[in-house]
Amino acid sequence: MSGLTSHVLDLAAGKPANNVQIELFQMRGQVEKVRIGSFWTNEDGRVDEPLLPGETLQQGTYEIVFGIGEYYKRQGVNLAEPPFLDEVVIRFGISDPSVHYHVPLLVSPWGYQVYRGS
């Protein structure tokens, strides 16, 4: 199974982060990026479909933008203005489009961790 998926876990609340906007871009060089799509996490902190199905996954550099500031505002978390984390941007590479790439985000209002999951 190949393709690109993601999920978001709210470490501060100890639960999946639902209703987080995720935007996906493919990089063209160092600056130019092409928007591929916009997605929202479900009750389980996941997107219902792959961000990129296997047949559309290509070798290259991608960027995922997670709308974390808006998520925490909707949760009623008292954030400074501007919030410490507003948009979390993860730039990563796809070297082998025949395999599955999973990009999970573990987040709180003050920090995050990302890794290549399975």
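All of the numbers you see were taken from the coordinates with simple rules; none came from a lab. Note that this is a predicted model, so its numbers are computed, not measured. When we count neighbours, we look across all protein chains shown, and the Cβ atoms used for this are built from the backbone with ideal geometry, even at glycine.
What is the list of residues in segment 30-67 whose amide nitrogen lies under 20 Å from a point 7 angstrom out from the Cα of ALA12, following Cα to Cβ?
Within reach of a label on ALA12: 41-46, 65-67.
If I take every Cα pair under 8 Å that is 6 or more residues apart in the chain, average their sequence separation and divide by the length, what percent do I get for the relative contact order?
Contact order relative to length: 33 percent.
Need the full-extension length gain, THR56 to TRP40, defined as separation in residues times 0.36 nm minus the C-alpha distance. One decimal, nm.
Length gained between THR56 and TRP40: 3.8 nm.
Give, in nm to one decimal, the length gained when the segment between GLU32 and PHE84 is fully stretched (0.36 nm per residue of separation minus the Cα-Cα distance).
Using 0.36 nm per residue and subtracting the Cα-Cα distance, I get 16.1 nm.
Between ASN19 and ASP48, what is 0.36 nm times their sequence separation minus the Cα-Cα distance? Round to one decimal in nm.
Answer, rounded to one decimal: 9.3 nm.
Can you order the peptides 6-12, 98-104, 77-83, 111-117 by their average number of other Cβ atoms within 10 Å per residue, highest first?
In decreasing order of mean packing, 6-12, 98-104, 77-83, 111-117 become 6-12, 98-104, 111-117, 77-83.
So what's the Cα pair-distance distribution over segment 3-105, bin width 5 Å, in %?
In whole percents, the pair-distance histogram is 3, 12, 23, 23, 18, 12, 7, 3, 0.
Tell me, what is the FRET efficiency for LYS73 and HIS100 to the nearest 0.05, using R0 = 22 angstrom and their Cβ-Cβ distance as r?
According to the calculation, E is roughly 0.10.
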